[in-house]
Amino acid sequence: MLDGHERDRAARFVHDTDRERYVLGHGYLREVLGKATGRTPASITFQRGEFGKPVMVGTSLHFNFSDTKDAVIIGIANSELGVDIETMARRVDHVCVAEHYFTPEEIAVIASSADGKRQFLDFWTRKEAVLKASGVGIMDDLKVLRVDAPRIEVRIAHGDFVRMAAPEYHVRSFAIGEAHRVSVASFELLDPRFAEY
């Protein structure tokens with residue numbers, strides 16, 4: 001049921017497990033979008049934005065997709081949104097990575113946290129969710145996107161982000177079980193049933 005773009009991308013994966021995760025995840029995405037729109041999964045067509053973010057053709061429904069080594073998350077809304085999921089099982093030197101990509105304030109919060117890795121993953125998924133909601137995706141300097149405060153003042157000067165992003169985003173982070181951290185970003189207020197960060 002995947003389209004040519006998806007099949008080409010799947011073929012470029014070096015490792016079978018990565019290819020299988022991509023095919024299964026994008027097949028599942030088509031199943032979910034098919035249910036939401038009343039279409040068959042194979043009939044869904046996508047256009048891709050300037051930086052590759054897919055948009056469904058023929059509907060005002062918005063979606064976003066993220067995967068990690070052992071899970072996928074799909075967000076569907078009536079406005080632009082971004083979602084990101086990470087697994088607590090991921091091996092990462094969160095202190096070293098934070099020094100390269102996080103603000104001094106975020107680094108201080110991670111250092112003082114009882115669970116630095118969880119805090120790191122919350123911040124990482126929040127950054128990715130905002131960038132995905134904007135349609136720009138990962139930028140070179142994530143240090144200018146601060147996500148540790150209830151009200152975020154965006155200091156991004158990246159021309160494409162300034163041009164494409166909403167004036168503000170509402171972001172929520174939460175756990176799915178013990179193993180996964182998830183963040184959702186939208187320029188519309190998120191359902192209060194999502195846990196406040």
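The values are calculated or read from the model by the stated rules, or taken from the named source; none is laboratory data. The model shown is predicted, which means the values in this text are computed figures rather than measured ones. Cβ coordinates were reconstructed from backbone atoms using ideal geometry, including for glycine residues, and neighbour counts include every protein chain displayed.
For the range 1-20, a residue qualifies if it is assigned to a helix (DSSP H, G or I) and either within 25 Å of Lys69 (Cβ to Cβ) or touching a Lys or Arg at 6+ places or on another chain (Cβ under 8 Å) (or both), and the qualifying residues are His5, Glu6, Arg7, Asp8, Arg9, Ala10, Ala11, Asp16, Thr17, Asp18, Arg19, Glu20. In summary, Ile76 fulfils each of the numbered conditions (1) under 30 Å from Lys143 (Cα atoms); (2) of a type in the set (A, V, I, L, M, F, W, C); (3) exposed (fewer than 12 other Cβ atoms within 10 Å of the Cβ); (4) outside the structural domain of Ala133 (by TED's automatic domain parsing) with the single exception of condition (3). In the range 91-101 there is at least one residue that is in the same structural domain as Ala175 (by TED's automatic domain parsing) and either more than 28 Å from Lys143 (Cβ to Cβ) or under 17 Å from the mean Cα position of the chain (by Cα) (or both).
Counting only strands (runs of 3 or more DSSP E) that sit completely within the range 21-130, those holding 3 or more residues that are touching a residue at least 24 places away in the same chain (Cβ under 8 Å) correspond to 62-68, 71-77, 81-87.
In the range 31-41, the condition of being touching a helix residue (DSSP H, G or I) at 6+ places or on another chain (Cβ under 9 Å), among the charged types (D, E, K, R) and surrounded by 14 or more Cβ atoms within 10 Å (Cβ to Cβ) is met by at least one residue. Taking the conditions (1) assigned by TED's automatic domain parsing to the domain that holds Glu20; (2) touching a Lys or Arg at 6+ places or on another chain (Cβ under 8 Å) in turn, Asp122 satisfies each one other than (1).
A quick yes/no check of all residues on (1) in contact with a Phe, Trp or Tyr (Cβ under 9 Å, 6 or more places away or on another chain); (2) over 21 Å from Asp3 (Cβ atoms); (3) of a type in the set (D, E, K, R):
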site: Glu50; (1), (2), (3): no, no, yes
site: Lys53; (1), (2), (3): no, no, yes
site: Val57; (1), (2), (3): yes, no, no
site: Gly75; (1), (2), (3): yes, no, no
site: Leu81; (1), (2), (3): yes, yes, no
site: Thr87; (1), (2), (3): no, yes, no
site: Asp93; (1), (2), (3): no, yes, yes
site: Glu99; (1), (2), (3): no, yes, yes
site: Ala108; (1), (2), (3): no, yes, no
